[in-house]
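Single-structure report; data block below.
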Amino acid sequence: MIPDYTTEYALHEFKLHGEYQLMEKMKYISMKTIFDVGCNVGEWSRMTRSFQSLANIHMFELVPRVYQQMIRNHVIDDNMYPNSFGLSNETKDVVIKEVLDNTRVSTMVLNLRHDNSVLKKAVVVHPETYTQYHDIDYIDYLKIDTEGHEYFVLDGFKNMIEQGKIGCIQFEYGYACILTRKLLIDFYQLLTPYDYILGKLTPEGVQFKDYILPDEDFQGPDYIAVHKSRRDIIELAK
């Protein structure tokens with residue numbers, strides 16, 4: 001049976017994966033702009049807000065029903081910006097597989113098997129369209145949890161990545177990467193030429209390292225990439 005995704009259960013998962021511990025370590029860094037791409041019902045943003053009280057948090061959820069749940073979830077404050085669309089490397093209408101009994105696993109990867117699912121229409125937007133409209137020229141923390149679409153979201157941010165305009169990136173890596181044909185090596189090849197170092201996120205910290213083939217285990221769940229100019233984040237994240 002799928003457990004109810006309560007605030008308490010979400011916090012348990014964040015601690016299990018190391019997300020809570022990382023944010024707790026970085027509470028001493030004042031962040032101005034945070035992106036939560038694939039925000040689901042907003043629990044990651046709620047957890048992050050407890051450590052970053054002044055940040056502007058931009059939230060993106062492309063599943064209409066889940067977006068409405070997020071709005072009703074008593075998460076949003078005056079410095080949070082909820083958006084009922086996703087981000088990708090182009091602006092377009094898309095078809096998504098909405099999983100009716102588990103809001104966390106709806107996906108744009110249509111050949112990813114999920115029972116009790118239906119196909120729905122949604123919209124994704126190129127990140128530059130959004131950042132230019134909101135006059136955002138630097139993102140302190142970019143979190144991407146899009147059930148297999150992570151690489152394509154990152155590709156949309158490529159101009160900011162090339163300019164070192166994103167301090168820290170968190171992205172999911174797992175079995176869906178097999179179906180999208182975007183492996184861990186592709187994330188390394190997208191980010192490392194522009195002075196990002198990568199490592200797996202664990203409850204004990206981030207294990208920064210160069211890529212080797214055995215890393216391609218699809219276990220995830222999260223990797224962290226930090227621009228080398230952000231020594232403050234690198235030292236705290238270890």
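The values are calculated or read from the model by the stated rules, or taken from the named source; none is laboratory data. Please read all numbers here as calculations on a predicted model, not as lab measurements. Cβ placement follows ideal geometry from the backbone for every residue including glycine, while neighbour counts extend to all protein chains displayed.
Taken over the stretch 84-112, the criterion of being of a type in the set (D, E, K, R), within 18 Å of the chain's Cα centre (by Cα) and at pLDDT 85 or above is satisfied by 90 alone. Only one of 198, 179 is crowded, with 22+ Cβ neighbours inside 10 Å and not aromatic (Phe, Trp, Tyr). Can you tell me which? Result of the check over 198, 179: 198.
When every residue of the stretch 64-83 is checked against the conditions, none turns out to be within 14 Å of the chain's Cα centre (by Cα) and not hydroxyl-bearing (Ser, Thr, Tyr). Just one of the numbered conditions (1) outside any helix (DSSP H, G or I); (2) farther than 23 Å from residue 174 by Cβ is not true of residue 129: (1).
Cβ-Cβ distances below 6 Å connect the following pairs, each with a first residue in the stretch 44-63 that is over 25 Å from residue 94 (Cα atoms), a second residue that is outside any loop (DSSP other than H, G, I, E, B) and among the hydroxyl-bearing types (Ser, Thr, Tyr), and a separation of six or more residues or different chains: 56/33. Of all residues in the stretch 1-30, none satisfies the criterion of being of a type in the set (S, T, N, Q), touching a Pro at 6+ places or on another chain (Cβ under 8 Å) and not in a helix (DSSP H, G or I). Consider the stretch 192-238 and keep the residues that are in a helix (DSSP H, G or I) and touching a helix residue (DSSP H, G or I) at 6+ places or on another chain (Cβ under 7 Å). The one that is nearest to residue 179 (Cα to Cα) is 215. Look through 97, 92 and report the one residue that is without any contact (Cβ under 8 Å) to a residue 40 or more places away in the chain and in contact with a Leu (Cβ under 6 Å, 6 or more places away or on another chain). Checking each option against the conditions leaves just 97. Looking at this structure, is residue 154 within 21 Å of residue 234 (Cα to Cα), without any contact (Cβ under 8 Å) to a residue 60 or more places away in the chain, over 15 Å from the mean Cα position of the chain (by Cα) and assigned to a helix (DSSP H, G or I)? No: the conditions fail for residue 154.
Taken as a whole, the stretch 31-40 holds no residue that is in contact (Cβ under 8 Å) with a residue 24 or more places away in the chain, surrounded by 18 or more Cβ atoms within 10 Å (Cβ to Cβ), part of a loop (DSSP other than H, G, I, E, B) and among the β-branched types (Val, Ile, Thr).
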